[in-house]
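We did not get these values from a lab; they are worked out from the coordinates using the rules stated. Given the structure is predicted, the values throughout are model-derived calculations rather than measurements. Every residue, glycine as well, gets a Cβ built from its backbone with ideal geometry; the counts of neighbours run over all protein chains shown.
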Amino acid sequence: MPDPHSEVQAAVTLRVNGAEHTLSIDPRTTLLDLLRETLHLTGTKKGCDHGQCGACTIHVNGRRVNACLALAVAHDRDEIRTIEGLAEGDRLHPMQAAFLQKDAYQCGYCTAGQIMSAVALLDEPCGPEDADVRELMSGNICRCGAYANIVAAIQQVRGS
């Protein structure tokens with residue numbers, strides 16, 4: 001993580017889960033570190049920190065992004081949604097509810113990233129078959145192997 005006491009600072013304004021945050025940050029700060037360490041939104045997980053596992057998947061302007069690879073300063077004025085911003089009050093997003101119903105998690109570490117990718121998939125071109133879903137979810141790794149249940153949850157929400 002970049003040194004928070006660095007003399008070089010950059011101003012950035014981000015809209016995260018509907019709330020605007022204007023911050024002065026080290027320009028090397030990733031969105032992942034800003035979310036977790038500065039805004040204390042810890043639902044987004046740091047898995048590999050190299051963009052290979054998908055545990056840090058968030059939405060930026062409606063598209064999925066690996067937060068560990070994105071510099072926060074590059075997203076000034078962007079709309080960011082994390083797992084904490086997915087539910088509406090006490091009502092879970094349909095994908096969150098499907099993950100619970102289909103038992104689409106084991107240890108839970110990858111779950112937030114899986115759900116954020118799955119929600120993004122709903123707005124992307126995807127064929128009807130399980131293989132199509134697996135292809136679009138291939139950037140998210142589940143080390144426990146809950147893939148069958150993850151695909152079942154996604155397909156339930158898609159109505160397949």
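Assorted remarks:
- Given (1) assigned to a strand (DSSP E or B); (2) under 24 Å from residue 137 (Cα atoms), index of the condition residue 49 fails: (1)
- The residue that is surrounded by the fewest Cβ atoms within 10 Å (Cβ to Cβ), among those in segment 140-160 that are in contact (Cβ under 8 Å) with a residue 40 or more places away in the chain and in contact with a helix residue (DSSP H, G or I) (Cβ under 7 Å, 6 or more places away or on another chain), is 156.
- Meets criteria (crowded, with 22+ Cβ neighbours inside 10 Å and of a type in the set (Gly, Ala, Ser)) for residue 72: yes
- The conditions of being over 26 Å from residue 139 (Cα atoms), over 13 Å from the mean Cα position of the chain (by Cα) and either of a type in the set (Gly, Ala, Ser) or outside any loop (DSSP other than H, G, I, E, B) (or both) are not met by residue 8.
- Residues of segment 14-29 that turn out to be part of a strand (DSSP E or B) and within 16 Å of residue 112 (Cβ to Cβ), as a count: 1
- Hey, residue 74 within 26 Å of residue 13 (Cα to Cα), in contact with a Ser or Thr (Cβ under 7 Å, 6 or more places away or on another chain) and of a type outside the set (Ser, Thr, Tyr) or not: no
- Given (1) of a type outside the set (A, V, I, L, M, F, W, C); (2) surrounded by 14 or more Cβ atoms within 10 Å (Cβ to Cβ); (3) in contact with a helix residue (DSSP H, G or I) (Cβ under 8 Å, 6 or more places away or on another chain), index of the condition residue 37 fails: (3)
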